[in-house]
There are 4 protein chains.
Amino acid sequence: MLTRRVEEPGRKKLDDRAKPAIQLPTDAIVRITKTTICGTDLHILKGDVATCRPGTALGHEGVGVVDAVGAAVATFKPGDRVLISCITACGRCEYCRKAMYSHCANGGWILGHRIDGTQAEFVRIPHADTSLYPIPEDADEEALVMLSDILPTGFECGVLNGKVKVGSSVAIVGSGPIGLAALLTAQFYAPSEIIMIDLDDNRLAVGKRFGATATINSTNGDAARQVMELTSGRGVDTAIEAVGIPLTFELCQDIIAPGGTIANVGVHGIKVDLHLERLWSHNVTITTSLVDTVSIPMLLKSVQAKRVDAGQLITHRFKLHQIAQAYETFGKAADTKALKVIIEV
Amino acid sequence: MLTRRVEEPGRKKLDDRAKPAIQLPTDAIVRITKTTICGTDLHILKGDVATCRPGTALGHEGVGVVDAVGAAVATFKPGDRVLISCITACGRCEYCRKAMYSHCANGGWILGHRIDGTQAEFVRIPHADTSLYPIPEDADEEALVMLSDILPTGFECGVLNGKVKVGSSVAIVGSGPIGLAALLTAQFYAPSEIIMIDLDDNRLAVGKRFGATATINSTNGDAARQVMELTSGRGVDTAIEAVGIPLTFELCQDIIAPGGTIANVGVHGIKVDLHLERLWSHNVTITTSLVDTVSIPMLLKSVQAKRVDAGQLITHRFKLHQIAQAYETFGKAADTKALKVIIEV
Amino acid sequence: MLTRRVEEPGRKKLDDRAKPAIQLPTDAIVRITKTTICGTDLHILKGDVATCRPGTALGHEGVGVVDAVGAAVATFKPGDRVLISCITACGRCEYCRKAMYSHCANGGWILGHRIDGTQAEFVRIPHADTSLYPIPEDADEEALVMLSDILPTGFECGVLNGKVKVGSSVAIVGSGPIGLAALLTAQFYAPSEIIMIDLDDNRLAVGKRFGATATINSTNGDAARQVMELTSGRGVDTAIEAVGIPLTFELCQDIIAPGGTIANVGVHGIKVDLHLERLWSHNVTITTSLVDTVSIPMLLKSVQAKRVDAGQLITHRFKLHQIAQAYETFGKAADTKALKVIIEV
Amino acid sequence: MLTRRVEEPGRKKLDDRAKPAIQLPTDAIVRITKTTICGTDLHILKGDVATCRPGTALGHEGVGVVDAVGAAVATFKPGDRVLISCITACGRCEYCRKAMYSHCANGGWILGHRIDGTQAEFVRIPHADTSLYPIPEDADEEALVMLSDILPTGFECGVLNGKVKVGSSVAIVGSGPIGLAALLTAQFYAPSEIIMIDLDDNRLAVGKRFGATATINSTNGDAARQVMELTSGRGVDTAIEAVGIPLTFELCQDIIAPGGTIANVGVHGIKVDLHLERLWSHNVTITTSLVDTVSIPMLLKSVQAKRVDAGQLITHRFKLHQIAQAYETFGKAADTKALKVIIEV
């Protein structure tokens, strides 16, 4: 079986390994039809993700067809088309009972991290009943690949945590795939203002096309002042941090209105300053989270009802044997203008 | 009229000044019967509160009797016994409409800060209809002084923001008056565990008496490990920061469980480190706030229904002419074991 | 001053009476520029509203210009353009503090009911600071007349109480002005399905145009079966009752999914059957409410941000002297296809 | 194996049948150590529960020891002491994902209803991982029997649905086991007033002992007036219906304050009148529900933390061979003063 795996930092291989087999009665084997690459995959290849098991096949997103199921799998049977959640949920631990699948005691983010992932012809999905989702007959498979991780992440970690509300003002710092996923799903709540902030004019233009009411290029360090101007000096009700560096988290603190919420989505490598000397009396909320993907069923309905066009995030398409090229394209997004790339298997 | 005022940092005076008069139709003049000293008053005297108007009479807590009302005051009349909120709320601005009185565009924390306060024989209360509360016939006035600031602060900024829940685990870092107010009001929600953490064994003993299920003296730097042990390695669902220094905020980050909330109550003078490199995927919420005092009516009912014994916080009593001694006692709390002092006017 | 008033059931008059004057320091006098007629006004004229004070000038909706203000009014001054809430809120009573203005101890629904209303050249607005809203410079006044009552009612009593959610299914029983206001504002939350149900094909066509995903003419008594078919036998998550008779409330009980909410908006004259013998284990919620109009500021922002086109509800326009004709047109809606009529003063 | 089963309405048998066996890999067999009788069991024996499968062994409450588990059961092993939920939850269907286990597509209330129940020496528990709960080492088993159904029902359907809040007023109509379970768990939220209403002075005395702040014997039809008097004419914020007949639901409508919630817990056999002609503008919420038992883990912690004394509900104890006598005692509660009876197996 062909798969993309990480051996050691910096090295990439597409190699042949045995097709995975059912190990537990709750497992399913899924034949991947479409997958994609996540920013996290790049981090793994750079060696930034210390918890990643060496030799793991990469990828935690994708759709496919059930190939085999364990004896205890009740929801799916071979031949069923399924969407794979990037988060594996046992459905029975304390965290799963609270719908906090990200911290599942028997799963969580393990695909392409602790066990072989989806950038492969086949993948083993533990706890299949609660980690796969049936795909409607007439669904657009490509668009649904966006529901494995990127759309739920933008929605749950950015929009829901950020308490985006009808009539409220939102700033999204970072107009990459995650920031844009937040932008798309923020519109579920009809906020009055959505300001996209980025260094890249192309990505800001995409933001505008996707529904931003204003865009700010923060290159000149003037973004905070511009946000204040756009909000009559008040700041925004929700600031979504979708980059993951101290500078952007700092910006969020500069533009948040009293009573507002900073929803951190970015993956941070180092600590940041929190200005409690100023914010202690500002009535702000700061949230962090790994995605739970509890919103997948809702997002499926919303995609089907055409309330959100998830497919807009897809800019490039490749075959599995072109995966090196896909990584190249995705990795040089500033040049290639790549957002999400589809890899057809 | 005798009043306590701040002239310049470090200097204290009890001086004679004119009795305040109605300035706007929404004002009331209240004759103070009982007031108290807040940690913030000490900060002002030390010169730490730059926004404090020089010469302001101190004090933002107290109960009294209405002496006079402006033409537009509809709820109160001379002779009515009233509880004074530390927060002045106009009741009509955008923030007041959202019950976020702390940021009232026409009030907020102004008593003993921007205008003369309650450590005096008389005080002018702007927006009286929405900044005073009627005192029930049979109420214990002393206990109600705790409802001007300390109890709502512990409750709103600590317990409510911290989402204390039935069956949950809570750690309160700081067993001073604010931490103890959080402890008393956390019990409204029947959490399973409430761990008090402080450097002072006397204050921890008070915590135990007030209902803590465990206490930790953090002198030896071992508090985080002990909390983890008490919570089976999980951490606490709610960590209430009631001190206001980087070290205690750091401790909160070390002991918070996935999905938990750090509610900051402490007044911070400098920035703190936020460990997003670790917390980004931990699904935590951090809140800050100045008290809104929206909970005063509820707390009044709860005191009357004997659901909380607010009077327990009172350790010392003085007359207004003894105010220097009251400050002395309150300022040296480690020696005097003072929590809240009542000043009878 | 010309005004429309009710003398006794069935009789209508446009008569001349004295221009109202400031009575309390919190009053404002507003010169009406545009007003409208509500279904409730028809009920009053029919004699159905026993609480209506005889001789009251009708009307509780409208926009205008401040003509005079009492000494305690702080937010508005003569010349300010304002939107009038149908609910008068004192801003200080227990209910107003909880943002439940509908039950304001010193106000509530009094305009055109207990005191003279807005179908007049001038109207006195008690508690002006908390019962009027400033109109943005560039706003469409006509559209804003829809924010006095109809849009907040559809939104608060229907959409918010009904917990309309992203991806959920909604049925609105009654496609009159209130049902359509619910339809317009339900779309703030991007539900997957919104089914309009009515007896009148014209109103259903309007519903379709306003964003319904399906419409059902319930004339043949088959509506429940059709809703079940549209929802795969599950029923709807939200059923909004916007008629006010036993039959339509019955229908809501027939189509509500387990865990769903029936939000009653209709004004009922008689009791209804509640099928607890079936619903006791169905995990449903039923809500009732008079509008609080707390959503007016948010709706103002949403209209300005073009998130909702409130003006769509307006079908006819009249001058004040044509008010009898306006009532005629509005009263015979089935024939005239009237939704909301604008009366220019 | 000895078991209590229902053959046909009115007939009762304790008979010998085969010990149940694992049927699916997700099943567990539990050896019952303690069980109890529910009011619903009486309804079944009277023939009131049409959905009950003839010949079913009764009982849906109990604690025991795991005897055997299917291949896919991961949380439990033979020898584990477990608490049995009255609701069987598959953990994977749409409803379970929303923590609405009562409507589980593959479970729900099936024990002692659709499949053999717990009034037996052994019981088969489908979906064991998500339908059983581990019992702490030092727990009081008898008290935990109250957590299978009665305590979660009072808490979830009464207290949580009824939105009991700190400082609020609560009336509980019906001081039987369910009403008393609501009373015990309402105190988690420190309401200011809890008024118990019943026809039986003994049960009211129990209510008083369990923490009611007032009791009303409603025999003379005067209960509504008395509640109004106790609440200064305002009514209660929460009315919990714990009887299940039109008269008591009527009473709830008579005593509910504007903005309040009627939480129906009673099992109703016939429809009731809903006075929308009065309540339409009263801003009330009415809820119904079958228990989900999602609160069992929290209740376990609360029992262990001594925040609630569930054992107080137990009035009588029997051995399994005395089950007829246990039914007799429980069925004649007015005479025997029985609340919950423990049956030791």
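The values are calculated or read from the model by the stated rules, or taken from the named source; none is laboratory data. For clarity, every value in this text was computed on a predicted model and none was experimentally measured. Neighbour counts run over all protein chains shown; Cβ positions are idealised from the backbone, glycine included. Heads up: the accessible areas ignore ligands, DNA and RNA and are worked out on the full protein's heavy atoms, side chains in. Shrake-Rupley method; radii C 1.70, N 1.55, O 1.52, S 1.80 Å.
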By the Cα gyration tensor axes a ≥ b ≥ c (a/c under 1.5 gives rounded; else a/b larger than b/c gives prolate, otherwise oblate), the shape of segment A:233-345 is prolate
What span do the alpha-carbon atoms of segment B:94-230 cover on each of the three principal axes, reported in whole Å from largest to smallest? 50, 33, 32
Distance from segment B:185-251 to segment B:298-328 (C-alpha centre basis), Å: 24 Å
Is it possible to state the helix-based mean residue ellipticity at 222 nm for chain B, with each DSSP H run of 4+ residues giving -39500 (n - 2.57), the sum divided by total residues, to the nearest 500 deg cm²/dmol? What is it? -6000 deg cm²/dmol
Once the label point is set 7 Å along the Cα-to-beta-carbon vector, what list of distances in nm do you get between C:A71 and its counterparts in the other copies? 0.2, 8.8, 8.8
Which chain B residue sits with its beta carbon nearest the axis carrying B onto D, and how many Å away is it, rounded to a whole number? B:Y189, 3
Between B:K98 and the same site in the other copies, what are the distances in nm, shortest first, taking label points 7 Å from Cα along the C-beta direction? 2.2, 2.7, 2.9
Packing-based ranking, highest mean first, of C:308-315, A:242-249, C:124-131, B:72-79 given that Cβ atoms within 10 Å are counted: C:124-131, A:242-249, C:308-315, B:72-79
In peptide C:191-199, what is the residue-averaged number of other protein chain Cβ atoms found within 10 Å of each Cβ? 2
Roughly how much accessible area, to the nearest 100 Å², goes out of reach of solvent when B and D pair up, both sides summed, probe 1.4 Å? 1300 Å²
If the limit is 27 Å between Cα atoms, which of A:K163/C:K34; B:K165/B:K306; A:K306/C:K98; A:K301/B:K165 go over it? A:K163/C:K34; A:K306/C:K98; A:K301/B:K165
Would you mind classifying segment C:246-298 by shape? Square roots of the alpha carbon gyration tensor eigenvalues, ordered a ≥ b ≥ c; an a/c under 1.5 is rounded, otherwise it is prolate if a/b is larger than b/c and oblate if not. oblate
Measure of size requested: the Rg and Dmax of segment D:133-174, with Cα atoms as the atom set and Å as the unit; please supply both. 13.5, 37
Quick one: net charge of D:K301's neighbours, Cβ under 15 Å, K/R +1, D/E -1? -1
Rounded to whole Hz, the Karplus (6.51, -1.76, 1.60) HN-Hα couplings of segment D:136-152, x for glycine and proline: x, 2, 9, 6, 8, 4, 4, 4, 5, 4, 5, 8, 5, 8, 5, 6, x
For the peptides B:58-71, B:41-54, what is the packing order when you average, over each peptide's residues, the other Cβ atoms within 10 Å and list the highest mean first? B:58-71, B:41-54
Put a point 7 Å out from Cα along the line to Cβ at A:E328; what are the distances to that point in the other copies, in nm, shortest first? 7.9, 8.2, 8.9
Residues of segment B:65-102 with accessible area at least 50 Å² lower in the all-protein-chain context than alone (1.4 Å probe)? B:R92, B:Y95, B:R97
Give the lysines whose C-alpha is closer than 18 Å to that of D:K46, dropping any in the same chain fewer than 8 places away, or say none. D:K12, D:K13, D:K332
Tell me the net charge near B:D237. Cut-off is 14 Å between Cβ atoms, B:D237 excluded, with +1 for each Lys or Arg and -1 for each Asp or Glu. +3
What's the FRET efficiency of B:M228 with B:N202 using the Cβ-Cβ distance as r and R₀ = 22 Å, to the nearest 0.05? 0.30
So how strong a dipole does the protein assembly as shown carry about its Cα centre when Lys and Arg Cβ are +1 and Asp and Glu Cβ are -1, to the nearest 20 debye? 0 debye
In Å², what does the accessible area per residue of the protein assembly as shown work out to with a 1.4 Å probe? 34 Å²
If I compute solvent accessible area with a 1.4 Å probe over the protein chains, what percent of it on the protein assembly as shown is carbon and sulfur? 53 percent
